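See structure below.
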Amino acid sequence: MNPLDHIPGPSQKRLALHVKPAAERAIRQGHPWLFDHSIRKQSREGTTGDLGVVFDHKDRFLAIGLYDPFSPIRLRILQHNHPADINQSWYKDRLADSAKLRASLPATHTNGYRLVHGENDGLPGLVVDRYDKNFVLKLDTAAWVNQLPIILPALLEVVPVNRLVLRFSRKATDNPESLYGLSDGQLLLGPRLEGPVLFQENGLTFEADLARGQKTGFFLDQRENRARLEQLVAKRDDLRRVLNVFAYSGGFSLYVARGGAQKVTSVDTSAQALDSAERNFLLNGDQPTVAAAEHETVCEDAFKLLERYGQERRLYDLVIVDPPSFAKRQSEVARALNAYHRLVKMSLAVLRPGGVLLMASEINHVIRDSGRSIREISRTGHPIDHPMTFAEGAYLKCLFAEIR
């Protein structure tokens, strides 16, 4: 039975929206969101998944998008400036454009990457990640559910899909009625999942749990940073002892091992993630430097471990700190910044003078406050499969720095 059979197709209703001047300007400039407080009037009460048509103050067409009455982002805009029929053909064209942008990745022995990066690929609130011929479709809003019956065949026309898994962000499940019985981790197409699937990234083999893993099973957005770090370790003979904090399934750990690191310690609070890290090392045991590296996993809270290692005066040549977001909402930002600052200070305590720190946040002022000096090696942003087309879409930054 097709799990989408009981889902009504895209709504034929159109919801007319008139917006405030500031929102009108933003939409003309291509912004993908319309917020609830920016709507001046609407033709009726909208329902989840309605197509909302935005008009300017002279009743001229501005945009069309998906309406979500339960989200402060009331409309996610699919088409700006010119009317369009949002149908299977329209989705096929958008998906084909996204695929072309990533066309160079297979040449790097990579078949795990993001095929659709939401707003930044013109499909706001929708992510498609590829793991070889296994795909994960993740929704950030339930407004996409009614579109699934036409998105799926469009996707099948563009890429070779053997299996498709559906994932939801937490906020997309706030109104269960809008999901029509669909659930996080549900198989939409293909053979049943019997466990993690395998994929290639820059010639390394990884496993990913598509149904239950963090994000869609792997942190695909750090691929280029992992490769940069491997190159740095390979070029320098003084980066042999590595501590990877918040290691998850050992992505950075495996890369630095291939680069020549001799002792790699992976830390995470999830025993399941660390078991996956161990299996990822075994999957790449045919690579001499990986086989030669000593890989240790430690299941412990990062803050407690760093405090303990600092007291024990353990020192590493390279410390990798790629934490999850500590702020889920605006009210938590101040507390999150304090946590990041603590994390940097504790990481410095276990980094030898002249060692390298990789940190996925801004740290210069914290290092200066510690009395140590910093030499910036590189600063990176979004990789090709995670394009950034509007200010709010910029979330990924990484600093490689030598700390004296």
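The values are calculated or read from the model by the stated rules, or taken from the named source; none is laboratory data. Keep in mind that this is a model prediction, so the values were computed, not measured. Positions of Cβ are backbone-derived with ideal geometry, glycine not excepted, and every protein chain shown enters the neighbour counts.
Just a few scattered comments:
- On the stretch given as the stretch 76-133, residues that are assigned to a helix (DSSP H, G or I), among the aliphatic types (A, V, I, L, M) and closer than 27 Å to ARG14 by Cα total 2.
- Summed over the stretch 143-162, the residues that are in contact with a Lys or Arg (Cβ under 9 Å, 6 or more places away or on another chain), aliphatic (A, V, I, L, M) and touching a residue at least 40 places away in the same chain (Cβ under 8 Å) give a count of 5.
- Applying the criterion of being part of a loop (DSSP other than H, G, I, E, B) and in contact with a helix residue (DSSP H, G or I) (Cβ under 7 Å, 6 or more places away or on another chain) to the residues of the stretch 281-321, the residue that is surrounded by the most Cβ atoms within 10 Å (Cβ to Cβ) is ALA293.
- Residues satisfying the stated conditions in the stretch 249-280, i.e. part of a helix (DSSP H, G or I), crowded, with 24+ Cβ neighbours inside 10 Å and hydrophobic (A, V, I, L, M, F, W, C): PHE252, LEU254, VAL256, ALA257, ALA277
Rundown of residues vs (1) modelled with pLDDT under 95; (2) under 25 Å from LEU348 (Cβ atoms); (3) out of contact with any Gly (no Cβ under 8 Å at 6 or more places or on another chain); (4) not assigned by TED's automatic domain parsing to the domain that holds LEU306, yes/no style:
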residue: PHE206; (1), (2), (3), (4): no, no, no, yes
residue: LEU210; (1), (2), (3), (4): no, no, no, yes
residue: GLN214; (1), (2), (3), (4): yes, no, yes, yes
residue: ARG228; (1), (2), (3), (4): no, yes, yes, no
residue: LEU232; (1), (2), (3), (4): no, yes, no, no
residue: ARG236; (1), (2), (3), (4): no, yes, yes, no
residue: ARG241; (1), (2), (3), (4): no, yes, yes, no
residue: ASN244; (1), (2), (3), (4): no, yes, no, no
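- PRO32 being exposed (fewer than 13 other Cβ atoms within 10 Å of the Cβ), outside the structural domain of LEU148 (by TED's automatic domain parsing), modelled with pLDDT of 95 or more and closer than 22 Å to LEU126 by Cβ: no
- For the stretch 50-70, a tally of residues being surrounded by fewer than 23 Cβ atoms within 10 Å (Cβ to Cβ) and in contact (Cβ under 8 Å) with a residue 60 or more places away in the chain returns 1.
- Selection within the stretch 134-158 - among the aliphatic types (A, V, I, L, M) and assigned to a helix (DSSP H, G or I): ALA142, ALA143, VAL145, LEU148, ILE150, ILE151, LEU152, ALA154, LEU155, LEU156, VAL158
- ASP132 among the charged types (D, E, K, R), modelled with pLDDT of 95 or more and outside the structural domain of VAL159 (by TED's automatic domain parsing): no
- Members of the stretch 317-339 found to be within 23 Å of the chain's Cα centre (by Cα), modelled with pLDDT of 85 or more and not hydrophobic (A, V, I, L, M, F, W, C), listed by number: ASP322, PRO323
Table: residues versus (1) closer than 22 Å to ASP385 by Cβ; (2) in contact with a strand residue (DSSP E or B) (Cβ under 7 Å, 6 or more places away or on another chain).
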| residue | (1), (2) |
| --- | --- |
| LEU187 | no, yes |
| VAL197 | yes, yes |
| LEU204 | yes, no |
| PHE219 | yes, no |
| GLN222 | yes, no |
| GLU230 | yes, no |
| ASP238 | no, yes |
| TYR248 | yes, yes |
| VAL264 | no, yes |
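- Of all residue pairs spaced 6 or more apart or on separate chains, those with beta-carbon atoms under 9 Å, a first member in the stretch 282-302 that is farther than 21 Å from LEU239 by Cβ and a second member that is in a loop (DSSP other than H, G, I, E, B) are CYS299/THR269; CYS299/SER270; GLU300/THR269; ASP301/THR269.
- Yes/no for VAL161 being over 19 Å from the mean Cα position of the chain (by Cα) and either over 30 Å from SER89 (Cα atoms) or in a helix (DSSP H, G or I) (or both): no
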